[in-house]
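The values are calculated or read from the model by the stated rules, or taken from the named source; none is laboratory data. Keep in mind that what you see is a predicted model, and the values were worked out from it rather than measured. Here the Cβ positions follow ideal geometry from the backbone for every residue, glycine too, while neighbour counts run over all protein chains shown. Remember, those area values only see protein heavy atoms, side chains included, never the ligands or the DNA or RNA. Shrake-Rupley method; radii C 1.70, N 1.55, O 1.52, S 1.80 Å.
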Amino acid sequence: MPLDRVQQLELFTRMVRIRKFEEAIIAHNPVGHLSIGQEGAIVGACMALREEDYVTGTHRSHGHPIGKGADILPLMAEIFGKQTGICKGLGGSMHLTDTSKGLICESAIVGGGFPLATGAGLSIKVRKTDQVSLCFFGDGATNQGTFHESINMAAIWKLPVIYFCENNGYAVTTSVEKSHGQPDIARRADGYGIPGIIVDGQDAEAVYEVTQTAVNRARAGEGPTLIEAKTYRFDEHSNRLAIPIRYRSDEEISHHRTNRDPIILYRDILDERGLLAEAQAVEVAVTQLMEEAVQFAKDSREPDMQDLIDNMYSNPIHFPADAGFA
Ligand SMILES: Cc1ncc(C[n+]2csc(CCOP(=O)(O)OP(=O)(O)O)c2C)c(N)n1
């Protein structure tokens with residue numbers, strides 16, 4: 001089903017939120033792996049999901065909760081390491097998540113999301129709900145054993161999982177061409193007898209449509225799909241990591257920034273559909289929201305030792321007052 005106007009503006013809003021959230025991080029507290037350039041793939045996929053559907057993310061973790069509709073203030077406070085953060089300031093950038101929006105986990109372990117998303121798919125099947133589980137990962141993660149083990153299991157048990165590759169062309173500094181026998185991740189689906197689909201990750205609506213098809217298939221009990229969104233990372237692997245070698249040219253980066261920015265491309269589409277004023281209003285509102293979020297984060301307190309102890313186990317341990325931790 002095509003997106004209606006409200007949904008189109010929601011898609012645009014979430015993409016702009018990711019972009020401006022990460023621009024705020026760069027401006028105020030440079031830490032984390034940024035998704036700038038990859039917003040079309042992330043939000044296009046998330047728009048095909050319901051709130052109760054599950055998502056697992058990656059070390060590049062800001063886009064996934066924002067794409068799934070999470071509240072911005074606790075996410076920003078988490079980046080600043082504050083007690084009001086979504087993980088109470090104890091997780092930080094690579095673990096930015098929001099379980100209330102179906103985000104099961106984000107993890108610094110490359111390939112760590114596959115078993116979790118597959119397990120969520122098994123849980124859905126056992127509980128007989130019509131949820132789906134969507135697993136985000138990068139191209140580099142597909143050479144981990146967990147990729148193959150998880151997809152094989154999901155295929156034979158027809159689990160409602162969508163394996164969604166944000167193929168930005170590189171794993172840190174290693175290109176897909178240098179690390180894969182053949183560079184199309186989606187073709188690996190053939191090995192498991194499931195559909196493998198390649199989509200332009202900079203075209204958010206195209207991503208929405210292929211994900212919608214995969215979601216319908218999963219909800220109908222027909223099993224998993226492997227989607228590969230060809231996208232591009234505009235910035236460095238991490239804004240805290242000094243990458244010492246040149247692995248891509250300035251021309252390549254500038255080509256993508258100028259011609260392949262998913263937000264600019266979608267704003268042009270909204271303009272053609274007579275929604276430019278609404279799109280511009282979204283950009284103003286998101287800018288204000290980010291200022292509010294940064295202020296909220298700055299004003300929040302840092303976690304203390306008691307917060308750490310209280311949140312280490314699901315059944316908190318109450319140390320005696322004289323144990324020396326407080
Ligand atoms: C198991 C594991 N091995 C290595 C690393 C170091 N590492 C962090 S990110 C990364 C590259 C991941 O590339 P990709 O999956 O393509 O995701 P992208 O960074 O492009 O989003 C690596 C090797 C890690 N975090 N975990």
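Want the number for Q7 to R240: 0.36 nm per residue separation, take away the alpha-carbon distance, what's left? Write out the running numbers ahead of the final one.
Working: separation 233, 0.36 × 233 = 83.88 nm, distance 3.48 nm.
Here the answer is 80.4 nm.
Placing E302, E228 in order of accessible area, with the largest value first and a 1.4 Å probe, yields E302, E228.
Determine the share of the range 165-239's accessible area contributed by carbon and sulfur atoms, expressed in whole percent, with a 1.4 angstrom probe. Let's see the in-between values first.
Values: 1320 of 2800 Å².
Here it works out to 47 percent.
Extending 7 Å from the Cα toward the beta-carbon at both H318 and Y247 defines two label points whose distance is 5.1 nm.
How long is the gain from N152 to E23 if the chain were fully straight, where each residue apart is worth 0.36 nm and the alpha carbon distance is subtracted? Don't jump to the answer; show the numbers that get you there.
Numbers: separation 129, 0.36 × 129 = 46.44 nm, distance 3.86 nm.
Answer, rounded to one decimal: 42.6 nm.
Length available on full extension from Q182 to S123: 0.36 nm per residue minus the Cα-Cα distance, which gives 17.9 nm.
If F296, F80 are ordered by their accessible area, calculated over protein heavy atoms with a 1.4 Å probe, which sequence runs from highest to lowest?
Details: F296 70, F80 45 Å².
These residues rank, largest area first, as F296, F80.
Annotation for R257 and V284: the two label points, set 7 Å from Cα along the Cα-Cβ direction, are 2.8 nm apart.
Per residue, the chain exposes 44 Å² of accessible surface when a 1.4 Å probe is rolled over the protein heavy atoms with every protein chain present.
Computed over the Cα atoms of the range 197-326, the ratio of the radius of gyration to the Kirkwood radius (Rg/Rh) comes to 1.13. With Cα atoms as the point set, the range 166-265 shows a radius of gyration and Dmax of 15.7, 48 Å. Per-residue surface analysis assigns R14 an accessible area of about 40 Å², computed on protein heavy atoms at 1.4 Å probe radius.
Bridges between two residues of the range 140-271, per DSSP, are antiparallel at a rate of about 15%. Give the accessible area for S123 in Å² (nearest 10); use a 1.4 Å probe, count only protein heavy atoms, and leave out ligands, DNA and RNA. The accessible area comes out at roughly 40 Å².
Between E51 and N143, the simple spin-label model (points 7 angstrom out along Cα→Cβ) gives 4.2 nm. Only protein heavy atoms count here; under a 1.4 Å probe, D271 has an accessible surface of about 70 Å². Of all complete DSSP H helices in the chain, those with a Cα span along the helix axis of 18 Å or greater and a mean Kyte-Doolittle hydropathy of -0.5 or more are 5-28, 113-127, 204-219, 276-299. Ordering of 213-220, 237-244, 112-119, 181-188 by packing is 112-119, 213-220, 181-188, 237-244, highest average first (other Cβ atoms within 10 Å, averaged per residue).
The portion of the accessible surface of the range 1-136 made up by carbon and sulfur, rounded to a whole percent, is 58 (1.4 Å probe; DNA, RNA and ligands excluded).
Three principal axis extents of the chain based on alpha-carbon atoms, in descending order, are 61, 47, 44 Å. The residues L49, L11, L308, sorted by heavy-atom accessible surface at 1.4 Å with ligands and nucleic acids left out, run L308, L49, L11 from largest to smallest.
Classify the range 26-185 from the C-alpha gyration tensor, please: rounded if a/c falls under 1.5, else prolate or oblate depending on whether a/b exceeds b/c.
Values: a/c = 1.94, a/b = 1.16, b/c = 1.67.
In terms of gyration-tensor shape, oblate.
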